[in-house]
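The values are calculated or read from the model by the stated rules, or taken from the named source; none is laboratory data. Worth saying up front: this structure is predicted, and the values here are computed from it rather than measured. Reconstructed Cβ throughout: ideal geometry from the backbone, glycine too, with neighbour counts over all protein chains shown. When the accessible area is computed, the model is the full protein with side chains, heavy atoms only, and any ligands, DNA or RNA have been set aside. Shrake-Rupley method; radii C 1.70, N 1.55, O 1.52, S 1.80 Å.
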Amino acid sequence: MATTDRQVLLICMGLAFVFWLILNLSQEYEISKDVRLSYVVSPERVIAGTPPQSVPVQVAGRGWNLIWESVRGHTLDVTIDVDDQQELLLSNNLLRQEISRQLSSGDVTVVSMGFESAQLLTTPRDGKRVPVVPNLRATYVAGYFSPDRPTVLPDSITVNGSADALAEISSWPTQEVVLENVEQNTVVTAPLMQAPPGLTLNYQEVRIGLPVEAFIEQQLSVPIALDHAPPGDSVRVFPNHVTVTLTIPESEFGRYSMIDFRVEADLSQMRTAGKDNTIPLTLTRVPESTKSVSFAPRAVEYYVYRRDN
């Protein structure tokens with residue numbers, strides 16, 4: 001085929017494609033959109049309950065118009081202005097008008113919606129002060145730990161919304177914060193958990209402080225206390241002391257003594273018959289600030305000396 005013939009053929013094919021495109025894009029088509037609803041309310045009022053958040057719709061128009069509408073994405077944001085009205089009927093017609101205002105062209109129309117009319121009620125805005133609960137997970141370098149609970153600044157926030165919605169709120173969590181291989185005091189910024197529709201927060205984030213210290217072991221000799229000793233008889237245990245090993249922050253070394261701990265032998269568990277004369281021990285008093293506590297031995301031998309009547 002000569003070069004001129006190939007050029008003519010390509011031109012004809014191009015013109016045919018253009019005419020085909022014009023013909024097809026001039027026809028009516030439908031596409032689906034997901035309409036996301038938001039509401040503007042007077043600062044002194046709040047919507048009671050949970051209003052509709054999204055509505056599926058079908059829009060129709062010529063192909064030319066729907067091309068741009070499709071480029072804008074599958075979702076469409078529509079704002080309903082409630083202002084300071086105590087109630088507003090969000091009817092099918094009202095919502096259709098608001099959606100039509102947000103479409104890319106007046107030639108694109110809403111043909112169907114998965115929506116029924118909804119009555120929007122507003123109540124005076126109320127506020128409630130609640131503590132912030134840090135959602136913090138941390139791992140530590142070997143030999144380090146956190147001796148105290150994390151601190152939060154501010155430690156409480158104000159949640160605004162309807163009185164009914166606030167009644168069930170007693171605290172507010174942060175989003176999860178993960179710290180790894182911590183070996184020194186750390187302060188991080190943590191976003192608060194996002195408020196659901198109808199509620200607002202006076203803070204969006206807080207600062208969490210995590211105290212971190214090296215820990216050491218300290219050993220103490222603690223006497224064994226005899227509990228439920230039989231009257232009249234004399235009971236001895238061997239050994240009469242145990243070694244208590246506690247893990248504490250380095251800054252608290254020397255703070256504790258044997259009087260801060262109590263190890264008991266419950267003599268009501270003694271057996272007067274048989275060869276086994278051992279009894280288990282129980283650690284009944286431990287300072288709260290210790291990280292971990294162990295003691296040895298876990299059981300002792302007992303001897304009963306009976307007195308002559």
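Do the conditions hold for residue 222, that is, is it farther than 27 Å from residue 50 by Cα and either more than 22 Å from the chain's Cα centre (by Cα) or acidic (Asp, Glu) (or both)?
yes
Looking at 103, 136, 95 in this structure, which one is under 30 Å from residue 163 (Cβ atoms) and touching a residue at least 12 places away in the same chain (Cβ under 8 Å)?
Exactly one residue qualifies, and that residue is 95.
Looking for something in contact with a Lys or Arg (Cβ under 6 Å, 6 or more places away or on another chain) and crowded, with 16+ Cβ neighbours inside 10 Å - is there at least one such residue anywhere in segment 77-97?
No: zero hits.
Quick one: which strands (runs of 3 or more DSSP E) lie wholly within segment 39-142 and hold at least 1 residues that are at pLDDT 85 or above and of a type in the set (Ser, Thr, Tyr)? First the steps, then the outcome.
Numbers: elements: 45-47, 54-62, 75-83, 87-90, 109-113, 118-124, 126-133, 136-140.
The strands (runs of 3 or more DSSP E) meeting that bar are 54-62, 75-83, 109-113, 118-124, 136-140.
Which of the residues that make up segment 143-157 are assigned to a strand (DSSP E or B) and surrounded by 12 or more Cβ atoms within 10 Å (Cβ to Cβ)?
Residues satisfying the conditions are 144, 145, 151, 152, 156, 157.
Are any residues in segment 234-245 modelled with pLDDT under 85 and open to solvent by 40 Å² or more (accessible area, probe 1.4 Å), and if so, which ones?
236
Going by the conditions given, is residue 131 in contact with a helix residue (DSSP H, G or I) (Cβ under 9 Å, 6 or more places away or on another chain), open to solvent by 60 Å² or more (accessible area, probe 1.4 Å) and not small (Gly, Ala, Ser)?
For residue 131, the condition - in contact with a helix residue (DSSP H, G or I) (Cβ under 9 Å, 6 or more places away or on another chain), open to solvent by 60 Å² or more (accessible area, probe 1.4 Å) and not small (Gly, Ala, Ser) - is not met.
Go through (1) open to solvent by 70 Å² or more (accessible area, probe 1.4 Å); (2) hydroxyl-bearing (Ser, Thr, Tyr); (3) at pLDDT 80 or above one by one and return the number of the condition residue 305 breaks.
That leaves (3) as the condition not met.
Just to verify a result, which residue in segment 246-266, among those that are more than 13 Å from residue 217 (Cα to Cα) and in a strand (DSSP E or B), is most open to solvent (accessible area, probe 1.4 Å)?
Looking at residues that are more than 13 Å from residue 217 (Cα to Cα) and in a strand (DSSP E or B), I get 262.
Which one is farthest from residue 119 (Cα to Cα), of the residues in segment 52-80 that are touching a helix residue (DSSP H, G or I) at 6+ places or on another chain (Cβ under 9 Å) and of a type in the set (D, E, K, R)?
62
All but one of (1) open to solvent by 90 Å² or more (accessible area, probe 1.4 Å); (2) at positive phi hold for residue 30; which doesn't?
Here residue 30 meets the rest and fails (2).
Any residue in segment 267-296 that is over 23 Å from residue 145 (Cα atoms) and in a loop (DSSP other than H, G, I, E, B) sitting within a Cβ distance under 6 Å of a residue that is at pLDDT 85 or above and not aromatic (Phe, Trp, Tyr)? List the pairs, counting only those 6 or more apart or interchain.
Every condition considered, the pairs that remain are 277/301.
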